Amino acid sequence: MERPKWILPVIVISQFCCTSLWFAGNGILNDLVANFGLNASALGHLTSAVQFGFITGTLVFAILTIADRYSPSKVFLTSAVLGALCNASILWMDKSLPLLLLLRFLTGFFLAGIYPVGMKIAADYYEKGLGKSLGFLVGALVVGTAFPHLLKGILHSFSWQSVLATTSILAVLGGLLMAVLVPDGPYRKPGQQVDLSAFLSIFKNQGLRSAAFGYFGHMWELYAFWAFVPVMLKSYTDLHPNVAFNVPVLSFLIIGIGGIACVLGGYLSQTAGTKRTALTALLLSGGCCLVSPFMFTIGSAGFFVAFLLFWGMVVIADSPLFSTLVAQNAPAEVKATALTIVNCIGFAITIISIQLLTVFKALIDSNSMYAVLAIGPIFGLMAMAKNDKNKSRFGKQPFN
């Protein structure tokens, strides 16, 4: 069916603007450490605070089926404005770690009304070619997530306060663009009432359950990798004193290149199949986890950075594809709830892997710890392979 040509670009731009809130704290971590008296474990705690807030938010949104019962664009705008306020409030708060963690938690809470709701809006417009559309959308999330690193890395005179202010302004702008230019989509089927059973009932669908398990394995690896990219770069320079990295800029490139991978994966899925493309990316990223300890010993800094860039691509390329499979297998009236629930559980898993790496970093401080991230891809691959044997609806997403 005909739809305005600006719909997808506006959704993508809005998603980029709003998700810049996600790693705003990580991008200015050194400044926060200096100004708030934080210790070395702050990276894991700040990232986990946002993730825990997102989990709590997705749980509330899912149980109350908010994005199915109300206009998704209006939910997106409201969440963007409130998330921006929480992000900007760090500028005026007392220098207290508990309060800082609370504000990052609340920012994550309102991101629950941005990321999965943005996917729901795209699904309401693009019944066909959803994998490609979500590829652009998750690509915007990736670049938005990496953006604070770029601000801090390129604009050396750009203060940490300016990073927070800029990301907050972008979030409000993104919310307004969505609310004004993207009305409810033609494939939207609104829910009529609160459905407290939806949280559990959607997993009775075998196809959706298999896609969700693949997504969960992917999430075990993804955010832990993103959070520790600067740590990996710093560890390499410690082992090779003759190497000097611009860590913020390289962190942006390594995380941000995943946005390109999402788009490429979306196009590739149209010919190779959504499931096959997702599993290939999951297999490659799992391989990167396993070989990562050896990469730190290589004397070529260029090769090491190239490896991280490749890892940055394959670690996220499957994300929109798993979301596509979830959306395709979910009943239309609870599509947003299904996406939100799967996001909720997936992000809960990220806290475990991030905190696990944080503990390993404190106890053993060995680069071999990144191999533990392979647990997720292995689990995801096994879950999808088991579903193949059961001949679920994924037969429509062939391996050939």
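Give, as a single signed number, the net charge of other residues whose beta carbon lies under 15 Å from the beta carbon of Ser20, with Lys and Arg counted +1 and Asp and Glu -1. Around Ser20, the surrounding residues sum to +2.
As a rough footprinting exposure proxy, the listed residues Cys86, Cys18, Cys262 were ranked by other beta carbons within 10 Å of their own, and the order from fewest upward is Cys86, Cys262, Cys18.
Mean residue ellipticity at 222 nm, helices only, the chain: -25000 deg cm²/dmol; runs of at least 4 DSSP H residues each add -39,500 (n - 2.57), and the sum is divided by the number of residues.
Distance between the 7 Å Cα→Cβ label points at Leu85 and Asn242: 5.6 nm.
Working from Cα pairs under 8 Å separated by at least six residues, relative contact order for the chain is 27 percent. Stretched out straight at 0.36 nm per residue, the stretch from Lys5 to Trp92 would grow longer than its current Cα-Cα span by 27.2 nm. Protection proxy ranking, highest mean first, for peptides 330-337, 91-98: 330-337, 91-98, where packing is the per-residue count of other beta-carbon atoms within 10 Å, averaged.
Peptide packing for 209-217, 270-278, 301-309 was compared via the average number of neighbouring C-beta atoms within 10 Å per residue; ordered from the highest value, the list is 209-217, 270-278, 301-309.
Pairs with C-alpha atoms separated by more than 32 Å, drawn from the list Lys152/Lys361; Lys5/Lys386; Lys74/Lys386; Lys120/Lys234, are Lys5/Lys386; Lys74/Lys386; Lys120/Lys234.
Expressed as a fraction of 2.2 N^0.38 Å, the C-alpha radius of gyration for the stretch 259-400 is 1.16.
Values quoted throughout were computed directly from the atomic coordinates according to the rules given, and no laboratory measurement underlies them. What you see is a predicted model; the values in this text were computed from it and never measured. Reconstructed Cβ throughout: ideal geometry from the backbone, glycine too, with neighbour counts over all protein chains shown.
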